[in-house]
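Structure first, then comments.
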Amino acid sequence: MDRGGLLQYWRDVARGHQVEVPTDMAEPIHQITTNNEGTHVREQVPYTLITRKEKCGEVLYEKRHYEKAHWACITVHEDTYEQSICYGFMKIMRYICQQNSAGSYLGMTIPIVTVVRTDEMHRTLSRAVTVAYYLPPPHQSEPPRPHDPEVTIEHWPAAVVYTRAFTGATNELTIIHEISSLAEALDCPAVCVSDSFIVAGYTNPAAAHRQNEIWFLERP
């Protein structure tokens with residue numbers, strides 16, 4: 001698919017979430033799509049599997065350890081979760097593709113994660129959503145600086161994460177449902193941070209069949 005076709009595809013999908021994709025996104029969309037189908041593999045954020053709980057062949061959750069690392073982050077406050085991840089991801093894509101102090105394509109990593117916050121009863125999401133991109137290993141020691149002042153480089157500490165996979169759209173309803181499902185699967189959910197959760201996306205927001213995970217962070 002050429003630049004124009006890719007841009008139109010993204011625009012068609014985004015319109016369903018009341019999101020406008022500007023014309024200057026044609027190049028980042030094309031670059032990320034072609035680079036990741038060719039020479040650049042989508043590098044996975046490294047982790048160590050601690051344990052996995054299964055029932056009747058289904059994985060209920062995994063417990064993993066992630067090392068400390070640099071992430072490029074942006075916090076967005078749109079009306080809906082879908083709008084926030086779309087606008088946030090577009091700014092992260094511009095940073096990945098060229099709008100950085102290295103002036104080059106940095107490489108795509110997965111998952112792109114979004115940090116969401118809920119009320120005490122876990123019934124509603126806060127409008128503040130943080131979209132974050134793990135910098136590939138060659139850029140971890142000296143992360144290229146973003147041109148966009150809204151994108152910041154953060155050093156996240158090592159963390160133990162409880163994670164459960166799910167597919168399909170990510171919106172307030174599905175996220176609240178997945179938070180509830182993982183809490184039920186855990187033997188002791190009280191060991192986790194209770195008001196902040198992570199949605200990990202392994203496919204871009206324009207993908208028809210999204211592969212996702214819900215993450216709970218173990219209290220430090």
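One equal scatterer on each Cα of the chain, no solvent, Debye formula: the resulting log10 I(q)/I(0) at q = 0.09 Å⁻¹ is -0.36.
Helix 3-15 and the long axis of the chain differ in direction by around 40°, with both axes built from C-alpha atoms. Near Ile110, the amide H atoms lying under 5 Å from its own belong to Glu43, Gln44, Val45; only residues 5 or more places off or on other chains count, and H is placed 1.01 Å from N. Relative to the longest principal axis of the Cα atoms of the chain, helix 81-97 runs at roughly 50 degrees. Of the residues His155, His122, His70, the one that moves most in a GNM of the chain with alpha-carbon contacts below 10 Å is His155. What the phi angles of segment 72-79 give under the Karplus curve with 6.51, -1.76 and 1.60, with θ = phi - 60°, is a coupling list of 8, 10, 9, 9, 10, 10, 7, 5 Hz, glycine and proline written as x. Computed over protein heavy atoms with a 1.4 Å probe, the carbon and sulfur contribution to the accessible area of the chain reaches 52%.
Computed over segment 151-200, the percent of Cα pairs more than 13 Å apart is 65.
Each of the peptides 126-133, 156-163, 182-189 was scored by the mean count of other Cβ atoms within 10 Å over its residues; in descending order, highest first, they stand as 126-133, 156-163, 182-189.
For the Cα atoms of the chain, what angle does the longest principal axis make with the long axis of helix 26-37, in degrees from 0 to 90, nearest 10? For 26-37 against the chain, the angle is about 60 degrees.
I need the shape label for segment 27-156. Rule: rounded when a/c is under 1.5, else prolate if a/b > b/c, else oblate, with a, b, c from the alpha carbon gyration tensor. Provide the component values of the computation, followed by the final result.
Numbers: a/c = 1.78, a/b = 1.25, b/c = 1.43.
Note, shape of segment 27-156 comes out oblate.
Amide H contacts of Leu60 (H built 1.01 Å from N, in plane; Pro and chain starts excluded): Lys53, Glu54, Lys55 sit under 5 Å, all sequence-distant by 5 or more or on other chains.
Note on segment 92-203: semi-axes of the ellipsoid equivalent to its C-alpha gyration tensor, largest first and rounded to whole Å, are 30, 15, 13. What relative contact order, as a whole-number percentage, does the chain give when Cα pairs under 8 Å and 6 or more residues apart are counted? Rounded, it is 22 percent for the chain. Computed with a 1.4 Å probe over protein heavy atoms only, the accessible surface of segment 64-220 comes to 45 Å² per residue.
The values are calculated or read from the model by the stated rules, or taken from the named source; none is laboratory data. Just so it is clear, the structure is predicted and the values come from calculations on it, not from any experiment. Note: ideal-geometry Cβ built from the backbone for every residue, glycine included; neighbour counts use all protein chains shown. Quick note on the areas: whole protein, heavy atoms, side chains included, nothing else; ligands and nucleic acids left out. Shrake-Rupley method; radii C 1.70, N 1.55, O 1.52, S 1.80 Å.
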